[in-house]
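Worksheet: the structure to be examined is printed underneath.
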Amino acid sequence: MTSSTAPAAAHPRSSTDRRGILFIISAPSGTGKTTLCKQLAANLDGLWHSISYTTRKPRPGERHGREYYFVEEGAFRDMIGRNEFVEWAEVYGHLYGTPLKSLTEKIDQGIDVLLEIDVQGAKQVKKRFEDSVSIFILPPSMTVLRSRLQTRASDSQEEIQRRLHKVKEEVWSYREYAYIVLNQDIGQSLGELESIFRSERLKTKRLNMTWLENNFIFDEEQKPGDHKDLPQPKGVPLP
């Protein structure tokens, strides 16, 4: 998710690059999503790992402005009233929200955005950002997931049971995601995620075609529109 505080400037992007890509990652609680996302942001240049706002209390080891922006419910609802969220939702009795301004600013600057979000929020974001890339991370099994939640020891048994009950509903949403990664081995999962990010960046539809045409197709003397005389692939209409 996003935050209202911009991080340090990312590495400059080449002239072949384009608007930033919004990558959406969802997973059941305890799947290892946050660990993977932090490592992705560290490994890939030009990627901003965004932070959401939440009304839940920090878990041991969490810090305001790093994992989340932890705010009181009143402050959160004030942000709702000012239409500052691209989406917000109540999850397990707590409010979570994705601010719109910083997310769109990064994308407009050509910086890719990594958004960790639950399936409910992902549906809302994808409606507004239709060109986003959605990835769903699965745990190896329900048995492993149950063990991870219990080992984490940050939630009560009642909370753990509530999360496990919701997993089936969340996993059923896998069909709405473009990619699925099974997090059985974190090293392998990280490699698969990096492959997705890099391949999406190289898709023809995302590149700056004006730069490509000006440097490889048009002569310096050619004017806009002259490319109509160039040979065209069959079945491709002239612009």
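The values are calculated or read from the model by the stated rules, or taken from the named source; none is laboratory data. Computed from a predicted model, the values in this text were never measured in an experiment. Every residue, glycine as well, gets a Cβ built from its backbone with ideal geometry; the counts of neighbours run over all protein chains shown.
In a residue-by-residue description of the range 226-237, the property of being assigned to a helix (DSSP H, G or I), at pLDDT below 95, more than 30 Å from Ala27 (Cβ to Cβ) and touching an Asp or Glu at 6+ places or on another chain (Cβ under 8 Å) applies to at least one position. Here Val119 clears all of (1) surrounded by fewer than 20 Cβ atoms within 10 Å (Cβ to Cβ); (2) in contact with an Asp or Glu (Cβ under 7 Å, 6 or more places away or on another chain) except the condition numbered (1). Looking at Leu40, is it surrounded by 22 or more Cβ atoms within 10 Å (Cβ to Cβ) and either in a helix (DSSP H, G or I) or out of contact with any strand residue (DSSP E or B) (no Cβ under 9 Å at 6 or more places or on another chain) (or both)? Considered against the rule, which asks whether it is surrounded by 22 or more Cβ atoms within 10 Å (Cβ to Cβ) and either in a helix (DSSP H, G or I) or out of contact with any strand residue (DSSP E or B) (no Cβ under 9 Å at 6 or more places or on another chain) (or both), Leu40 comes out as no.
Against the test of being surrounded by 15 or more Cβ atoms within 10 Å (Cβ to Cβ) and farther than 21 Å from Cys37 by Cα, the options Phe85, Phe129 yield a single qualifying residue, Phe85.
Here is the figure for the range 45-65: residues that are free of Cβ contacts under 8 Å to residues at least 60 places away in the same chain and surrounded by 12 or more Cβ atoms within 10 Å (Cβ to Cβ) total 7. Note on the range 7-28: residues that are of a type in the set (Gly, Ala, Ser), within 16 Å of the chain's Cα centre (by Cα) and modelled with pLDDT under 90 amount to 0. Taking the range 48-90 as the range and being of a type in the set (A, V, I, L, M) and modelled with pLDDT under 95 as the test, the residues that pass are Ile51, Val86, Ala89.
This table checks each residue for (1) of a type outside the set (Phe, Trp, Tyr); (2) more than 19 Å from the chain's Cα centre (by Cα); (3) on the phi > 0 side of the Ramachandran plot.
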| residue | (1), (2), (3) |
| --- | --- |
| Thr55 | yes, yes, no |
| Tyr69 | no, no, no |
| Gly74 | yes, yes, no |
| Gly81 | yes, yes, no |
| Ile117 | yes, no, no |
| Ser132 | yes, no, no |
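Residues in the range 147-201 that are without any contact (Cβ under 8 Å) to a residue 12 or more places away in the chain, more than 17 Å from the chain's Cα centre (by Cα), more than 20 Å from Ala122 (Cβ to Cβ) and in a helix (DSSP H, G or I): Ser147, Gln150, Thr151, Gln157, Glu158, Gln161, Gly187, Gln188. Note on the range 85-119: residues that are acidic (Asp, Glu) and free of Cβ contacts under 8 Å to residues at least 24 places away in the same chain total 1. Ser173 meets the conditions (1) closer than 22 Å to Ala42 by Cβ; (2) surrounded by 13 or more Cβ atoms within 10 Å (Cβ to Cβ); (3) of a type in the set (S, T, N, Q) in every case but one. The failed one is (1).
For the range 208-219, indicate whether the set of residues that are modelled with pLDDT under 75 and either more than 22 Å from Pro28 (Cβ to Cβ) or of a type in the set (Asp, Glu) (or both) is non-empty.
Looking only at the range 208-219, we keep the residues that are modelled with pLDDT under 75, and these are 219.
When the remaining residues are screened for being either more than 22 Å from Pro28 (Cβ to Cβ) or of a type in the set (Asp, Glu) (or both), the result is 219.
So far as the range 208-219 goes, yes, one or more of its residues are modelled with pLDDT under 75 and either more than 22 Å from Pro28 (Cβ to Cβ) or of a type in the set (Asp, Glu) (or both).
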